[in-house]
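Before any comments, here is the structure.
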Amino acid sequence: ARLLAGVPPQARMKIFEKLQEKGLLSQEALHILIAQVSDERQALITLLGQRAITPQQAAQVRAEVFGLPLIELPRDFKISEELFAIFSKEAVTALKLVPLKRQGDEIQVGIVEPENSKVDAALDFIAVSHKIQVKRFIVSADDFEKAREKMFKLEVEVKEALERFQEE
């Protein structure tokens, strides 16, 4: 399912509308922002960069606009090692997504930027190539960074353990 493919520009304005509705963006700030950026993704990145909104607020707006559930990752969140075979470090970093867990033929994935069409294309490819369903969730940029750090730390630990095992 392509989230933005073929979506008219009026519908893409929903992120701006949601920011205003939540009192996160004044009418004046909206006009300035529209003049500065080319799309809603850039708008949220700009607002985050200016610290005008928090990563959690951006995630909430995205969840409401795209109709995806927002989840907050628990402090002790761990990524299953089996998901490393499906999601490369490069894809996780470039697309800002977190494999959350696998249940049977379904994988749950946390996404920071659902408006990024490359995310949808990658998840569609994974679904087809692995013959699984991909259930999408929104995660904040902060939660993504914490999960990504844990994922890479675990990857290093597993690699080191394998190397020690091979040496014995």
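Let's see how each residue does on (1) modelled with pLDDT under 90; (2) touching an Asp or Glu at 6+ places or on another chain (Cβ under 8 Å); (3) not small (Gly, Ala, Ser):
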{"position": "Gln108", "(1), (2), (3)": "no, no, yes"}
{"position": "Asn116", "(1), (2), (3)": "yes, no, yes"}
{"position": "Ala122", "(1), (2), (3)": "no, no, no"}
{"position": "Phe137", "(1), (2), (3)": "no, no, yes"}
{"position": "Ala141", "(1), (2), (3)": "no, no, no"}
{"position": "Lys146", "(1), (2), (3)": "yes, no, yes"}
{"position": "Val156", "(1), (2), (3)": "yes, no, yes"}
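Just to verify a result, which residue in segment 103-133, among those that are assigned to a strand (DSSP E or B) and touching a residue at least 24 places away in the same chain (Cβ under 8 Å), is nearest to Lys14 (Cα to Cα)?
Ile111
Of the conditions (1) open to solvent by less than 50 Å² (accessible area, probe 1.4 Å); (2) assigned to a loop (DSSP other than H, G, I, E, B); (3) touching a residue at least 60 places away in the same chain (Cβ under 8 Å), Phe87 satisfies every one except a single condition; which number is it?
(3)
Count, please, the residues in segment 93-115 that happen to be out of contact with any helix residue (DSSP H, G or I) (no Cβ under 7 Å at 6 or more places or on another chain) and acidic (Asp, Glu).
Summing the residues that are out of contact with any helix residue (DSSP H, G or I) (no Cβ under 7 Å at 6 or more places or on another chain) and acidic (Asp, Glu) in segment 93-115 gives 2.
The values are calculated or read from the model by the stated rules, or taken from the named source; none is laboratory data. What you see is a predicted model, and the numbers here were worked out from it, not measured in a lab. Note that each Cβ is placed from the backbone with ideal geometry, even for glycine, and that neighbours are counted across all protein chains shown. When the accessible area is computed, the model is the full protein with side chains, heavy atoms only, and any ligands, DNA or RNA have been set aside. Shrake-Rupley method; radii C 1.70, N 1.55, O 1.52, S 1.80 Å.
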